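The values are calculated or read from the model by the stated rules, or taken from the named source; none is laboratory data. Here the structure is a predicted model, which means the values were calculated and not measured. Cβ coordinates were reconstructed from backbone atoms using ideal geometry, including for glycine residues, and neighbour counts include every protein chain displayed. Ligands, DNA and RNA are excluded from the accessible area calculation, which covers all protein heavy atoms including side chains. Shrake-Rupley method; radii C 1.70, N 1.55, O 1.52, S 1.80 Å.
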Amino acid sequence: MEQDVQQILEEALAEGQNVLIEGKVASYIPELAKADSSNLGCCIMNADGSMYKAGDYNIPFTMQSIAKTFSLILALQTSGYDHTFSKVGMEPTGDRFDSILQLELKDWRPFNPMINAGAIVTADCIAAADPFGEFLTLVRKLCGNPKIQLNEKVYHSEKRTGTRNRSIAYLLKSDHVLDGEPEDVLDVYFRMCSVMCTAKDLAHYAMILSNKGVDPKTGERLLDADIVRIVTTLMMLCGMYDESGEYAVKVGLPSKSGVGGGIVAVGQNGMGIGTFGPMLNKKGNSVGGERILQYLSERLGYHIFA
Ligand code: GLN
């Protein structure tokens, strides 16, 4: 069985490599345009300690929108369920991740925490003296990697060019959804997006989520089980932006993507998967990563409704 998983993972990687040509690296954040388009990797980690890896599973990239899951966790931990969900909803949008279309429909309350507007709100909800410091500590803990760091170049690149996110933050401020000052909240948001991780780090994070928040190595509870339930449910419904429905049909695992090329996918029974491939489809999701996950899901029966 172990060999089967490794072999199927290698087949999945080859499948993913075949579709890279269909994608493009993100360029709207200038620094991201420098990504190596040939990169592709995957790591599967299980609570029993077993691990399978293929390709560029250990190459660091910026987590981008995957940060939205950690920001939601921190908002829930520090300002609670009622406050957080008075500011942001739980409904999928069917729109682009940086859309402003539906904001006005709900008194400017963003539809969900997995789109940019929603994550700018959860960043504002982090009730801590040093929100980014808390964020980094949480990411390091859940990814099992104390060396995780900010990529200064990507952070400055996005901060300099992030006019759309800036617009969203000012709109939210004008309608009193943001408590903090837009530039302060945006600074936290841009930093969070620019934290580096690897597919292996993401597999560890997903393994902890799948294990209901408990670190299987130490038995320590790292996350409240209710928070895990909320985050994974929202990942299932909204984690792949306006491709969330199609992705759920094809792969069937709570997942979150980022324009840096990462996807974190929460398997069942203590299994976590991380993929990395910066070639993106039109929705901003990794083409190679999606192909790998679909292949694994089909061949190994990972779909939660299979
Ligand atoms: N930092 C990116 C942005 O705000 C994150 C978007 C993404 O990964 N989809 O535009």
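Per-residue ellipticity at 222 nm, computed for the chain from helices alone with -39500 (n - 2.57) per DSSP H run of at least four residues, works out to -15000 deg cm²/dmol.
Accessible area per residue was computed with a 1.4 Å probe on protein heavy atoms; V266 scores about 10 Å². Treating each Cα of segment 1-152 as an identical point scatterer and ignoring solvent, apply the Debye formula and state log10 I(q)/I(0) at q = 0.21 Å⁻¹. Each listed q maps to, in turn, -1.26.
Global size of segment 136-264: 16.3, 47 Å for Rg and Dmax (C-alpha atoms, Rg to one decimal, Dmax whole). Among S71, S167, S50, the residue with the largest mean-square fluctuation in a Gaussian network model of the chain, with springs joining Cα atoms closer than 10 Å, is S50.
Using a Gaussian network model of the chain in which every pair of alpha carbons under 10 angstrom is joined by a spring, one finds that among L171, L237, L40 the greatest mean-square fluctuation is at L171. Once the Cα atoms are used to define both axes, helix 182-193 deviates from the longest principal axis of the chain by about 10 degrees. Roughly how many Å is it from the Cα centre of segment 256-306 to that of segment 120-157, as a whole number? When both Cα centres are located, 23 Å separates them. Here are some pairs, K87/K141; K68/K173; K141/K200; K24/K141; which of them have Cα atoms lying more than 23 Å apart in this structure? Listed pairs above 23 Å: K87/K141; K24/K141. Relative to the longest principal axis of the Cα atoms of the chain, the long axis of helix 199-210 lies at roughly 80 degrees.
Taking label points 7 Å from Cα along the Cα-to-Cβ direction, D4 and K153 give a separation of 4.4 nm.
Taken over the chain, the alpha-carbon convex hull comes to 111 cubic angstrom per residue.
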